[in-house]
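Visitor: I have a structure I would like to understand better, so I am pasting it below and will then ask my questions one at a time.
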Ligand code: AVJ
């Protein structure tokens, strides 16, 4: 297992918090939700009855894993973008090993500790598995991997699961897919988990669960700023709201100030004023229709080779590849 050092993200965190909280419409980046406590809370979100994506994706992957393994005549390499929950990945790993005997698994994640955690369990479970973990941004990591084996590279199955694509604005999602495509060869596949457009009531419940885990996940960012930036946020002075904008096809997540208040952020030497009811934007989660997925793939230079649904069109696994050359 090889992985780079944990990157120092503090200077960026400071600057992003300053810029976000001084903006006309206040915002904080969802990247900062995932500190140690945030990552644990996110895992608990995935277990909430209202948060359907994780469960549905696991069901689909379990069903289609043998088909994924059968896409390849020779043993492929499995790349995962964002080491994520090993629970879903292991379904694919199991099927690939069953069909091809052994497997090289190459998870790419910005967090070295997340990589170590997810790789460790998999190595113990699968003796036939070799793990080569890369602590890096996704595209840079893929690029490094493709540079490493120029001679006769095994085909890739690149997995980008969990509807992580939903955090991107639609145009940014296309840009990002295009950059991924530039790293792929004709025999490679990219498997993307996509959350579908659906009723506002289902979506709003999924992003504001009854048990309050999502609310705690969002408010943890206030606590993180208190811990790491010497801020003095009172989490009880903010309430959490998730609203689905049907037209934009996205769930928008905000914290709203319960009252007019001024909050000190010591490390920034900054006092931030909040009006009563003022919103801080934390996250978007974009949802897709089948047509939108087709258009997105096409605009990124991909072809949708296949897709699999949960049966009720709530969640979709999309298999992308370079377009077959026209005769
Ligand atoms: C990690 C981006 C896939 O949008 O469903 C879940 C994040 N935020 N609940 C999503 C999230 C609040 C999640 N993704």
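Visitor: Could you please find all residues in segment 262-283 being touching a helix residue (DSSP H, G or I) at 6+ places or on another chain (Cβ under 8 Å), buried (at least 17 other Cβ atoms within 10 Å of the Cβ) and assigned to a strand (DSSP E or B)?
Guide: 265, 272, 280, 282, 283
Visitor: Within segment 150-182, which residues are away from the ligand (no atom under 16 Å from the Cβ), farther than 16 Å from residue 323 by Cβ and in a loop (DSSP other than H, G, I, E, B)?
Guide: Listed by number, the residues that qualify are 150, 151, 152, 153, 154, 155.
Visitor: A further question on this structure: Has segment 218-227 got any residue that is within 11 Å of the ligand (Cβ to nearest atom) and either over 25 Å from residue 138 (Cβ atoms) or modelled with pLDDT of 95 or more (or both)?
Guide: The answer is yes; a qualifying residue exists.
Visitor: Give segment 306-325 a look and list any residue that's over 13 Å from residue 290 (Cα atoms), assigned to a loop (DSSP other than H, G, I, E, B) and touching a helix residue (DSSP H, G or I) at 6+ places or on another chain (Cβ under 8 Å), or say none.
Guide: Of everything in segment 306-325, those that are over 13 Å from residue 290 (Cα atoms), assigned to a loop (DSSP other than H, G, I, E, B) and touching a helix residue (DSSP H, G or I) at 6+ places or on another chain (Cβ under 8 Å) turn out to be 310, 322.
Visitor: Say we look at segment 57-74 and pick out the residues that are in a helix (DSSP H, G or I) and over 14 Å from residue 318 (Cβ atoms); which of these is nearest to the ligand (Cβ to nearest atom)?
Guide: 58
Visitor: Does segment 98-105 contain any residue that is under 17 Å from the mean Cα position of the chain (by Cα) and either over 30 Å from residue 208 (Cβ atoms) or modelled with pLDDT under 90 (or both)?
Guide: No - not one qualifying residue is present in segment 98-105.
Visitor: Taking the criterion of being surrounded by fewer than 16 Cβ atoms within 10 Å (Cβ to Cβ), more than 23 Å from residue 33 (Cβ to Cβ) and touching a strand residue (DSSP E or B) at 6+ places or on another chain (Cβ under 9 Å), would at least one residue in segment 208-230 satisfy it?
Guide: The initial filter retains those residues of segment 208-230 that are surrounded by fewer than 16 Cβ atoms within 10 Å (Cβ to Cβ), namely 210-212, 227-228, 230.
Among the residues that remain, those that are also more than 23 Å from residue 33 (Cβ to Cβ) are: none.
No - not one qualifying residue is present in segment 208-230.
Visitor: Would you be able to say whether some residue in segment 72-88 is touching a strand residue (DSSP E or B) at 6+ places or on another chain (Cβ under 8 Å) and surrounded by fewer than 16 Cβ atoms within 10 Å (Cβ to Cβ)?
Guide: No, every residue in segment 72-88 fails to be touching a strand residue (DSSP E or B) at 6+ places or on another chain (Cβ under 8 Å) and surrounded by fewer than 16 Cβ atoms within 10 Å (Cβ to Cβ).
Conditions (1) closer than 18 Å to residue 165 by Cα; (2) in contact (Cβ under 8 Å) with a residue 60 or more places away in the chain, marked per residue:
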{"site": "238", "(1), (2)": "no, no"}
{"site": "252", "(1), (2)": "yes, no"}
{"site": "261", "(1), (2)": "no, no"}
{"site": "272", "(1), (2)": "no, yes"}
{"site": "277", "(1), (2)": "no, no"}
{"site": "282", "(1), (2)": "yes, yes"}
{"site": "288", "(1), (2)": "yes, yes"}
{"site": "291", "(1), (2)": "yes, no"}
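Visitor: Now a separate question. Is it the case that segment 231-243 has a residue that's surrounded by fewer than 22 Cβ atoms within 10 Å (Cβ to Cβ), at pLDDT 95 or above, part of a helix (DSSP H, G or I) and within 14 Å of the ligand (Cβ to nearest atom)?
Guide: no
Visitor: Under the condition of being touching a strand residue (DSSP E or B) at 6+ places or on another chain (Cβ under 6 Å) and part of a helix (DSSP H, G or I), which residue from segment 1-48 is modelled with the lowest pLDDT?
Guide: Taking segment 1-48 first, the residues touching a strand residue (DSSP E or B) at 6+ places or on another chain (Cβ under 6 Å) are 1, 3-4, 20-21, 26-28, 30.
Then keep just the ones that are part of a helix (DSSP H, G or I); that gives 20-21, 30.
Working: 20: 98, 21: 98, 30: 95.
Once the filter is applied, the top-ranked residue is 30.
The values are calculated or read from the model by the stated rules, or taken from the named source; none is laboratory data. Quick caveat, the model's predicted, so the values are computed rather than measured. All Cβ positions, glycine included, derive from the backbone under ideal geometry; neighbour counts span all protein chains shown.
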